[in-house]
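Please read the structure below before turning to the comments.
What follows draws every value from the coordinates through simple rules; no lab data is involved. Please read all numbers here as calculations on a predicted model, not as lab measurements. Here Cβ is always computed from backbone atoms with ideal geometry, including for glycine, and neighbour counts include all displayed protein chains.
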Amino acid sequence: MDIKDYFRRNRKCVISGVTAAALVAGSCFAGASLRPVETYNYEQEAVLAENEETDGETEVLTPDTVADELSGKFGVEQKEVNKEETVYAFASSSGNVENVIVSEWLKNPEGKSELTDKSSLKDIENIKGDEAFSQNGEELTWQANGNDIYYQGTTDKELPVGVKVTYYLDGKETKPEDMAGVSGNVKIRFDYTNNTAVEKEINGKKEKVKVPFVAVTGLVLNENCENIQVENGKTMPQGDSTIVIGYGVPGMSDCLGIENGDLSDDISLPEYFEVSADVKDFSLDMTMTAVLSASEFSLDGDIDLSNVDMLVDKVDESGKALVDGSSKVADGAELLLSKMGDFTTGAKQLATGANQVATGANQVATGAGQLATGAGQLKDGVDTLVSSSDSLATGVTTINQSAAGISQGVTALDTGLNTPMSDEQKKQVSDEASAAAVQAVNAQFAEGSDTYNYIYNSAVTNFKSALTDQTTVSNTSAAVASGLSQDAQLKGALFYGIAYSAYSTSEAAASGVPFETYIQDPNVQAAVNAQVSSTINTIAGNVTTQITSGIATQGADATGKSVVAACQTSAAQAAGTAAGAAAVAGAEGTKKQIAAQIEATGENGYSLVTGTQALAAGTQTLNDKIPSLTAGIGKLSDGANQIASGSSQLATGSNQLATGTSQLVDGSNKLATGSEQIKDGVKQLSDGANELSDGMNKFYNLAIKKIVEAYNGDIKDIAGKLDAVLEASTEYRTFAGINDGDAGSTKFIIKTNGISE
């Protein structure tokens, strides 16, 4: 079997088997701000298809054609998913993953109040709402309140596909940190590794197959890069820069048992992507890699080759029948040649009749066109009426709702105004008024205010005056002197001190009279005691002056503040009590005045209360009549649409009739003119039929027979492996976890750090 030819002729089959990459790569990678990848995936593939001959047909690969192939040939259909997952991996410049953030979208199409989910993520948080959740192990329960849930978390789980980035400078491998600012030939290689495999049954045996993923990498080279070469990728100019897109299908060649050279040149399953360029002052922004699976699709059954078996048998039988039938073609051609005379006469008669039919068809087309114009005008008028009725219904409903709300509000207000205030309400009003009054009084007594300064200064002045008054000082000094005079020790010390001082300068001391004898003299004692009393009075006066002055200075501020605080407390209590009582009395009076005003009957016989009630009832009656009006207008609209549609179809049909009869005239004229040429052609057909008989014998032996033999060879085995790969791809539902039985889809975005100085 020629396996190259098999994969060339089954291009769509192979690409579909590799997880329908053409369907999802563009949309996912566009989310990474590299939208031109869509052009590469589809338009570039279309160019390849146009340049390839496949049995005389041109195959253009688009998302629709791939989806058709998946659904029609392999039972693969896009499924409705309950959970969409996007895994964001942030890696170093060499591709080593440093941290992973997973974003989850739980869909809630039925508006459930609660959603359950399973997740192995850590640090889970709601990123788009305030819905709360509870957790039991990996089981999550979200209080959704009818909303979709968007949350994210972190994980250290290994990614299903790894990306290794290797840098080369002038052919030598170089560390990423040493690449910044270099000049020369720079090559960057992305190696993709598939880390995920499952066990599947293939042709009755259990085998390990890779879960198929497609890795699509994008990066931008700046204007310092020239002579850009790409292996397993494409380049796209973008201003002064160049966008480079590369791809890989890791693990698929080994999984399908395909070796290098088995596939044709324009079909490959690469596991790496390389880009090289001549660079000056090298730098590189981040790179983005999208890793995709077919998790958004479902596989309905296996690849069924029974119909193909029947088809191959049928082709074999048909080939033999073609050989036998070719001789019958020759016999029929000779019979046709004998009848060509009658055919020429009939062709001329057909031309004459066709001219008559064409004249009548043109007249019908003109009338039908006029009818269609009038029907269109009628439809436009009715459509305008329908729009107006819808607006009227909406307006009346809005007015009725507003009127009912106003009536309820006024009635509730009237009821509330006529209801006496409860003790709790009175207390609330009184407390609020009292608090406001106290707040106002406290503001008047705030430190630095005029009231505060006046009371403070008055208290300080009075306090100082009271302490420094002469009478107060004299009385205090006398009291202090009296107290000092009661101190025997003080008096004794003063007596002996004054006496000894007098003795030291007296004649008695000079004449040798002892001091003890000297102080026994009554006259000396009287003089010393008088001087002691004078000294005590002097000390008392000095102490009194210091005491009163100190107290007046140190206690004035505290006394002033105390007096202000006492005045403030008294004023606040009085104002609060009075304001509370006044507020309760005022509220009761105000309620009675307002109630009387809204209950007063006007000249029209309605009060505000009864008037709003009547308005609500009237608008409700009007609103009840609107459905009948809308239904009647709807029937009118249906009739107008049917008239317009019918007249339009009539006009279209009559125009087609006119066109067809015109073509019939031309064709019949040409048929009559070319009947002789047809006769010559039939003669050539008869001759060629004999050659066809010989050619069909060769075609069966050289083509059909070999196709049958090739199919019964290795193609069935490859189809079994491809079926297992498809099944593994569509069964991959999640990376971080999902409820049993739920449908999920997942994709991976791997960002590597850039290189700069």
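See the values below:
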quantity	calculated
Long-range tail of P(r) for region 423-599 (Cα pairs > 20 Å, %)	73 percent
Amide H contacts of I202 (H built 1.01 Å from N, under 5 Å, at least 5 apart or other chain)	E207
Cα-Cα over 23 Å, subset of K122/K747; K426/K591; K164/K206	K164/K206
Contour minus Cα-Cα distance for A565 and D469 (0.36 nm per residue)	31.9 nm
Order by protection proxy (mean Cβ within 10 Å, highest first), peptides 588-595, 437-444, 248-255	248-255, 437-444, 588-595
Highest to lowest packing among 139-150, 725-736, scored as the average C-beta count within 10 Å	725-736, 139-150
Note, ³J(HN,Hα) from phi for region 545-551, Karplus 6.51, -1.76, 1.60, rounded to Hz, x at Gly and Pro	4, 5, 5, 5, 5, x, 5
Hz values of 3J(HN,Hα) by residue in region 730-736 - Karplus curve (6.51, -1.76, 1.60), Gly and Pro given as x	6, 7, 6, 9, 7, 9, 9
Contour minus Cα-Cα distance for N96 and Y496 (0.36 nm per residue)	133.6 nm
Mean separation of Cα contacts under 8 Å (6+ apart) over length of region 423-599, as relative contact order %	47 percent
Pairs from K118/K205; K83/K128; K187/K234; K280/K751 whose Cα-Cα separation, in the structure shown, is over 26 Å	K118/K205
Paramagnetic label zone (point 7 Å from Cα along Cα-to-C-beta, N145; backbone N under 14 Å) in region 78-117	112-115
Burial order of peptide ranges 558-565, 157-164, 210-217, 178-185 (average beta-carbon count within 10 Å, highest first)	210-217, 157-164, 558-565, 178-185
Farthest positive-ward along region 467-566 dipole, Cα basis, beta-carbon charges - from F495, S534, T517	S534
